[in-house]
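Below: one structure, written as structure tokens.
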Amino acid sequence: MTAEQPALAYVYDRHATANTVVLRLRLQVCAQYAEAQGWMIGGWFVDEGDDALTNDRRPAFEAMLNTIRVAGVDTPRVCLAYDWDRLSRDQEARGLLTRRVLHLGAWVETCCGEQRRPDGTWVQRARLTTAPITA
């Protein structure tokens, strides 16, 4: 693997409703982010309908993992998601899904630049909480 070899970005999303306008916007942002990073798109994977609502049956996520596996370790590979909620709103389930990607030697990154890497690196942006803001 050379330092100049562009990563293959595997874009993942999930969408439960019939209205796909927001989904298309998120995927467009992912494409722009990948281009800005100099990455090639390795595939688009979207779990829809009921599959998007469960944490145990994600056919598109499974297909993405298989595609990442087949790409081999000689190519940098990243699972790109608009934000962490695209994997799951449940933090424990999100962690399990993320670890499945990391186990393949790929990393997970959001369009905000947040990252989980196989070496344990964790880049996270600050998030607002429900705590009151005091001055």
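Read-outs throughout are calculated quantities, based only on the coordinates presented, and are distinct from any laboratory measurement. Quantities reported herein were computed from a predicted structural model and do not represent experimental measurements. No Cβ is skipped: glycine too gets one built from the backbone with ideal geometry, and neighbour counts run over all protein chains shown.
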Discussion item. Which residue is farthest from Gln5 (Cα to Cα), if the candidates are limited to region 22-65 and must be among the charged types (D, E, K, R) and in a helix (DSSP H, G or I)?
Written reply: Asp50
Discussion item. Where the second residue is assigned to a strand (DSSP E or B) and basic (Lys, Arg) and the first is touching a residue at least 12 places away in the same chain (Cβ under 8 Å) and lies in region 99-120, which pairs have Cβ atoms under 7 Å and are six or more apart or on separate chains?
Written reply: Leu102/Arg116; Ala106/Arg77; Trp107/Arg116; Val108/Arg116
Discussion item. Give all pairs with beta carbons closer than 7 Å in which a residue from region 35-55 that is closer than 20 Å to Leu97 by Cβ meets a residue that is of a type in the set (A, V, I, L, M, F, W, C) and exposed (fewer than 14 other Cβ atoms within 10 Å of the Cβ); count only pairs at least 6 apart in sequence or on separate chains.
Written reply: Gly49/Ala16; Ala52/Ala16; Leu53/Ala16
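Conditions tested, residue by residue: (1) crowded, with 19+ Cβ neighbours inside 10 Å; (2) over 12 Å from the mean Cα position of the chain (by Cα); (3) aliphatic (A, V, I, L, M).
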| residue | (1), (2), (3) |
| --- | --- |
| Asp50 | no, yes, no |
| Asn55 | no, yes, no |
| Leu65 | yes, no, yes |
| Thr75 | no, yes, no |
| Asp83 | no, no, no |
| His103 | no, yes, no |
| Pro118 | no, yes, no |
Worksheet item: Of all residues in region 1-26 being without any contact (Cβ under 8 Å) to a residue 40 or more places away in the chain and crowded, with 17+ Cβ neighbours inside 10 Å, which is nearest to Asp90 (Cα to Cα)?
Response: His15
